Amino acid sequence: MKCWFYCFLLILLSSLSLPAQSNEGTTEKVRLLIVMGGGTYESSVFRFFDTLDGVSYTLVMSDTVAFKEDFRDQYDAVLMYNLSSSLAEPARSNLVRFIESGKGLVVWHHALANYGDWPWWYQEVVGGRYLLRGEGELPASTYRQDESMIARPEKAHPVVSSLGGHPMHLYDETYKGLWISPDVEVLLSTGLSTSDGPLVWVGPYQSARVVVVQPGHGSSAYFNLGFRYILRDAVRWVAGSLE
Ligand SMILES: [Zn+2]
């Protein structure tokens with residue numbers, strides 16, 4: 001008696017639960033792994049991460065720890081905001097596996113100076129490099145803080161679509177003397193003389209989406225609404241949740 005009653009109840013509940021299950025796909029957030037460490041950070045950066053809507057994140061303060069195991073199943077994208085001269089095994093191979101599998105990568109601000117001993121990384125994946133010191137004919141890159149600049153979208157692209165084709169004002173740090181690959185697709189640039197020009201670009205890597213965002217030194221960038229949308233949309237686009 002009890003058995004048939006519970007079986008009936010189970011079937012009824014299963015059918016009632018169908019609409020909730022079909023919602024899952026539309027509300028799914030990008031699973032983001034944020035890597036920091038090695039740089040100096042304003043504490044407001046943690047509040048900034050909370051403003052990235054559509055994103056659920058895990059923050060790790062070391063690339064060696066973040067990439068110590070194969071993390072392809074746990075995350076859709078990585079946001080690198082660390083500063084690290086090299087990456088040892090097995091972290092290096094796990095990072096390669098991640099992007100070779102087509103997962104997304106955003107390289108943010110001083111992470112442009114990462115892994116200067118790994119040409120494949122900065123030439124083929126990132127398409128740019130901040131040189132911490134001169135190398136052969138290439139002089140060291142330079143930076144200048146507290147710069148006021150006009151940033152202009154270079155083309156229509158999902159990462160800069162929030163600007164609607166209009167320029168924006170940014171008060172932030174500029175870099176100059178970067179090595180930048182001729183194969184990058186520049187999305188946002190400035191004409192300011194203390195900058196090389198390109199501020200946001202798509203990296204040359206073909207197996208995964210890679211976006212580089214140069215501005216982002218501190219709170220003047222974090223709480224600039226236009227900048228916040230660009231970083232959020234960079235994360236969503238590389239993860240394949242924004243087209
Ligand atoms: Zn900085």
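The values are calculated or read from the model by the stated rules, or taken from the named source; none is laboratory data. The structure presented is a predicted model; accordingly, all values stated were derived computationally and were not measured. Heads up, the Cβs are rebuilt from the backbone with ideal geometry, glycines too, and the neighbour counts pull from every protein chain shown.
Do the conditions hold for Asp183, that is, is it away from the ligand (no atom under 16 Å from the Cβ), among the acidic types (Asp, Glu), outside any strand (DSSP E or B) and modelled with pLDDT of 95 or more?
yes
Of all residues in the stretch 26-73 being over 19 Å from Val235 (Cβ atoms) and exposed (fewer than 13 other Cβ atoms within 10 Å of the Cβ), which is modelled with the lowest pLDDT?
Thr40
State which residue pairs qualify: first residue of a type in the set (Asp, Glu) and inside the stretch 31-43, second residue modelled with pLDDT of 95 or more and buried (at least 16 other Cβ atoms within 10 Å of the Cβ) in any location, beta carbons under 7 Å apart, and separation of 6 or more residues or different chains.
Correct list of pairs: Glu42/Gly218.
Among the residues of the stretch 194-243, which ones are of a type in the set (Lys, Arg) and surrounded by fewer than 23 Cβ atoms within 10 Å (Cβ to Cβ)?
Matches in the stretch 194-243: Arg209, Arg228, Arg232.
Answer yes or no: is there a residue in the stretch 192-208 that is over 19 Å from the mean Cα position of the chain (by Cα) and away from the ligand (no atom under 16 Å from the Cβ).
Yes; the residues of the stretch 192-208 include at least one that is over 19 Å from the mean Cα position of the chain (by Cα) and away from the ligand (no atom under 16 Å from the Cβ).
Which of the numbered conditions does Leu188 fail, given that it passes all the others? Conditions: (1) closer than 20 Å to Val238 by Cβ; (2) in a loop (DSSP other than H, G, I, E, B); (3) of a type in the set (A, V, I, L, M, F, W, C).
(2) is the only condition that Leu188 fails.
Within the stretch 161-172, is even one residue among the small types (Gly, Ala, Ser) and surrounded by 20 or more Cβ atoms within 10 Å (Cβ to Cβ)?
No, every residue in the stretch 161-172 fails to be among the small types (Gly, Ala, Ser) and surrounded by 20 or more Cβ atoms within 10 Å (Cβ to Cβ).
Filtering the stretch 104-138 down to residues that are farther than 22 Å from Asp233 by Cα and of a type in the set (A, V, I, L, M), which residue is nearest to the ligand (Cβ to nearest atom)?
Among residues in the stretch 104-138 that are farther than 22 Å from Asp233 by Cα and of a type in the set (A, V, I, L, M), the one nearest to the ligand (Cβ to nearest atom) is Ala113.
If we keep just the residues of the stretch 142-169 that are within 13 Å of the ligand (Cβ to nearest atom) and within 22 Å of the chain's Cα centre (by Cα), which is nearest to Trp201 (Cα to Cα)? Can you show your working first?
Here is the first cut: in the stretch 142-169, the residues within 13 Å of the ligand (Cβ to nearest atom) are 142-147.
So of that shortlist, the ones also within 22 Å of the chain's Cα centre (by Cα) come out as 143, 145.
Details: Tyr143: 18, Gln145: 21 Å.
Applying the filter and picking the extreme gives Tyr143.
Given the condition within 19 Å of Ala234 (Cα to Cα), of a type outside the set (Gly, Ala, Ser) and in a loop (DSSP other than H, G, I, E, B), answer yes or no: does some residue in the stretch 83-103 qualify?
Yes: one or more hits.
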